[in-house]
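To start, the structure under review is shown below, and the notes come after it.
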Amino acid sequence: MTVDQLPGPVREFASYLDALLARLDPRGGWSGVFWQRDAEGMRACLDGREVPPWDVVEALLEDLGVAYGPAAAAAGRERARALHAAALTAYDARPGARDALADRLDVMLREQRYAAERQAELTRLLSAPVSAEEAESLHRDLAWAHDDHARATARCTELRTRIEDLDRRRGPWGGA
């Protein structure tokens, strides 16, 4: 599906996201983290093939606030929230969307479990005597594991809400 074939709200959000990212350093802040950790996912969002989870948008708005001040981030947040919600509604109206959301929820639940296990393992390693350098590395890894867990948890909540909204819109017999 080309950008011209996307539902209007998805196309509009992808355009907004592209403009937001153009204002940010692609190597710094959360923008840099997302590009480094999932460049393919970022491209899918810019192409409109995916709508990013809200936590990603929120983090990019944090970058905007750092670069241009809190007022810019606050102004961007209202518009971003409205465009994001409209894009999700349009995206979730596609055939097969509920199954895709359920599959994505399964993936996020696994990521959430893995991050929790990683946090527990890193905490256990930190309870043993380690060098200052090892402790610093473990603390850094623990902070990332904590962030991964928080993001997976937020994404699980977002996906469950989207599934519930979709079920509510379709009614008790699965129709529109």
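The values are calculated or read from the model by the stated rules, or taken from the named source; none is laboratory data. Given the structure is predicted, the values throughout are model-derived calculations rather than measurements. Note that each Cβ is placed from the backbone with ideal geometry, even for glycine, and that neighbours are counted across all protein chains shown. These area figures cover heavy atoms from the full protein model, side chains too; ligands, DNA and RNA do not enter into them. Shrake-Rupley method; radii C 1.70, N 1.55, O 1.52, S 1.80 Å.
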Worksheet entry | Contour excess over end-to-end distance, with Cα ends at Val130 and Val66 and 0.36 nm allotted per residue | 19.5 nm
Worksheet, complete the sentence: Carbon plus sulfur, as percent of the 1.4 Å-probe accessible area of the stretch 1-145, comes to 54 percent
Worksheet item: For labels at Arg27 and His146 in the simple 7 Å Cα→Cβ model, what's the distance in nm?
Response: 2.9 nm
Worksheet item: With each label point set 7 Å from Cα along the Cα-Cβ vector, what nm distance links Thr161 and Glu12?
Response: 2.0 nm
Practice prompt. Note down the nm distance, to one decimal, between modelled labels 7 Å out along Cα→Cβ at Arg169 and at Ala100.
Written response: 1.2 nm
Response to the item:
Taking the chain and counting helices only, DSSP H stretches of n ≥ 4 at -39,500 (n - 2.57) each over all residues, the nearest-500 ellipticity at 222 nm comes to -27500 deg cm²/dmol
Fill in: Scaled radius of gyration (Cα, divided by 2.2 N^0.38 Å) that the stretch 109-176 gives
1.70
Fill in: On Cα atoms only, tilt of 54-68 relative to the major axis of the chain in degrees
70 degrees
Practice prompt. Express the accessible area of the chain per residue in Å², computed with a 1.4 Å probe while the remaining protein chains stay in the model.
Written response: 59 Å²
